[in-house]
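Following: one structure in structure tokens, then a few remarks.
The values are calculated or read from the model by the stated rules, or taken from the named source; none is laboratory data. Keep in mind it's a predicted model, so treat the numbers as computed, not measured. In this analysis, Cβ positions are derived from the backbone assuming ideal geometry, glycine residues included, and neighbour counts consider all displayed protein chains. These area figures cover heavy atoms from the full protein model, side chains too; ligands, DNA and RNA do not enter into them. Shrake-Rupley method; radii C 1.70, N 1.55, O 1.52, S 1.80 Å.
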Amino acid sequence: MSGIWIMKNSINIDEKNKIKYKYNFDAVLREYLVRELQIYFIDGDAIELGCYHGDFTKNIAKYFSKVYAVDSSIEAINISKLNNIENITYINQFFEELDLSTKVNNIFMVHSYEHVKNRKDLLNTVKKYLSGSGRLFIVVPNAHAASRQIASSMVVVDYNHVVTKYEEEHGHHETFSFDTLNFELKQAGFKVIKSGGVMFKPLANYQLDLCLQHEVIDREFLEGCYMLGSIYPELCASIYSVCEL
């Protein structure tokens, strides 16, 4: 079965949200992802496969008439619902079991594709719900991010594409680079119309979180990393592909 694995955390929701918006690099990254991708959005409805706690969902909701936010974890959906956004419909299902009577112009998989074991089957399912003029947006962590290459050089990880023990514990099945991601998409019959990277990443997530928490870096630094990412996409935190049928 596919879906999103949920990290267990002992802190309460209020504490989680306070940390998320002030210190959490992942939450900040999702804001930049919307900034990067929104020029490719198509008016109409959208499906997000793997909404988790709704960080990305709430950022895209204003661009679409309706967003169907899908996740296999009811705990994650309940946290996402706290955003109280009216045009989001939450669906607690595994991706391949999705049962909608509609097609949409936009389907998103943001840091969820790497959690899926049977990705070929999933991409075939996606085709059922994507309109003929629609677009699929896939975003994954980058095997060649600068921070990961540094870790590989330090022998903290064995090699760039390895699925680390930590990643495996959190449900990752693959670590992607541009070539491997786009190969799978093309094999599934999608046309990749745009690929890119978002946010040059010099440090690991936990290091960036600590630097934000202790004000070693600020939003201006992150803005510089975002701008640098457009020059060196292969060194970014995340890579993306925008696809059509």
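Per residue, what accessible area does the chain have, given a 1.4 Å probe and all protein chains present, in Å²?
49
How big is the accessible area of HIS53 in square angstrom, nearest 10, if you roll a 1.4 angstrom probe over the protein chains?
The value for HIS53 is about 20 Å².
How big is the chain in terms of Cα radius of gyration and Dmax, in angstroms?
Answer for the chain, Rg first and Dmax second: 17.2, 50 Å.
Sort all Cα-Cα distances of the range 190-236 into consecutive 10 angstrom bins from zero, then give the percent of pairs in each bin up to the one containing the longest distance.
27, 44, 20, 8, 1
Can you give the accessible area of ASP121 in Å² (nearest 10), computed on protein heavy atoms with a 1.4 Å probe?
90
Using a cut-off of 15 Å between beta-carbons, work out the net charge of the residues near GLU86 (Lys and Arg +1, Asp and Glu -1, GLU86 not included).
+3
Leaving ligands, DNA and RNA out of it, rank TYR166, TYR32 by accessible area with a 1.4 Å probe, largest first.
Greatest to least solvent exposure: TYR166, TYR32.
Leaving ligands, DNA and RNA out of it, rank ILE79, ILE60 by accessible area with a 1.4 Å probe, largest first.
ILE79, ILE60
Classify the range 158-209: rounded, prolate or oblate, from the alpha-carbon gyration tensor (a ≥ b ≥ c, eigenvalue square roots; a/c under 1.5 rounded; otherwise prolate if a/b is larger than b/c)?
Oblate, because a/c is 1.5 or more while a/b does not exceed b/c.
Taking the full set of protein chains and a 1.4 angstrom probe, give the accessible area of GLU168 in square angstrom, rounded to the nearest 10.
In the full protein context, GLU168 sits at about 120 Å².
Could you check what % of the DSSP bridge pairs in the chain are antiparallel, to the nearest 5?
Close to 40 percent.
Quick query: amide H of GLU48 versus all other amide H atoms, modeled in the peptide plane; which residues come in under 5 Å with a sequence gap of 5 or more or a different chain?
Here TYR68, ALA69, VAL70, PHE108 satisfy the definition.
May I ask you to evaluate 6.51 cos²θ - 1.76 cosθ + 1.60, the Karplus curve with θ = phi - 60°, for each residue of the range 168-185 and list the ³J(HN,Hα) values in order in whole Hz, giving x for glycine and proline?
Along the range 168-185, the couplings run 4, 4, 9, x, 6, 10, 7, 10, 9, 10, 3, 5, 6, 5, 5, 4, 5, 5 Hz.
Set Lys and Arg Cβ to +1 and Asp and Glu Cβ to -1, take the dipole of the chain about its Cα centre, and tell me which of LEU245, ILE107, SER72 lies farthest positive.
Checking the options against the dipole of the chain, the answer is LEU245.
Mind ranking LYS66, LYS191 by accessible surface for me, highest first, 1.4 Å probe?
Result of the area sort, largest leading: LYS191, LYS66.
Pop out the carbon and sulfur fraction of the accessible area of the chain as a percent, whole number, probe 1.4 Å.
Carbon-and-sulfur percentage of accessible area, whole number: 51.
Choose one answer from GLY196, GLY224, GLY50: the residue with the largest mean-square fluctuation in a GNM of the chain with alpha-carbon springs under 10 Å.
Highest fluctuation of the listed residues: GLY224.
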